[in-house]
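Engineer: Before we start, here is the structure in question, set down as structure tokens.
The numbers here are math on the coordinates, done by the rules we state, and not lab data. Treat the numbers as computed from the prediction; the structure is a model and nothing was measured. Quick reminder, even Gly has a Cβ in these numbers, built from the backbone with ideal geometry, and neighbours come from all protein chains shown.
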Amino acid sequence: MTDARSSPDTESDTLGIDPASEVQIPDGAETYACDHCGRVFARERYRDLHRGREHPAAVDESEADAYRAAAQSEWDDLRRYRYVALGTLVVLYFGFLLAYAFVGA
Ligand SMILES: [Zn+2]
């Protein structure tokens, strides 16, 4: 296991997470570090989103492009999640409605 210290940031502070807590990274795991603050991320997309949101004035054009692509990808994932959640609620609603119509009567 490799130890890495997470850097302090406002998001962690608001969540009540100790910013000085250590993070355990499994050996051989690929990580992505922020060039500006050293914070380590498990996925490249998370690092790109972090850079664009936490260091907007310090990112260069390629990092800004990566941020925009990551933000669009995140937005697409959120949209997909909303459709799946809505579909699940509709199926549950009509499932209970039909169950009540045939079983509860
Ligand atoms: Zn950073």
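Engineer: Once you have the Cα-Cα distance between A64 and R79, take 0.36 nm times their residue separation minus that, and quote the gain in nm to one decimal.
Structural biologist: Length gained between A64 and R79: 3.2 nm.
Engineer: Quick one: H50, H55, fewest Cβ neighbours within 10 Å first, how do they rank?
Structural biologist: H55, H50
Engineer: Short version: ³J(HN,Hα) in whole Hz for each residue of the range 83-92, in order, from phi by Karplus 6.51 cos²θ - 1.76 cosθ + 1.60 (θ = phi - 60°), x for Gly and Pro, what are they?
Structural biologist: Values, residue by residue: 5, 5, 5, 4, x, 4, 5, 5, 4, 4 Hz.
Engineer: Okay, moving on. Any idea how far apart V91 and R53 come out in nm if each label point goes 7 Å out from Cα toward Cβ?
Structural biologist: About 2.9 nm separates the two model spin labels.
Engineer: Also, quick follow-up: Compute the length gained on full extension between I25 and L98: take 0.36 nm times their separation in residues and subtract their Cα-Cα distance, giving the result in nm to one decimal.
Structural biologist: Answer, rounded to one decimal: 21.4 nm.
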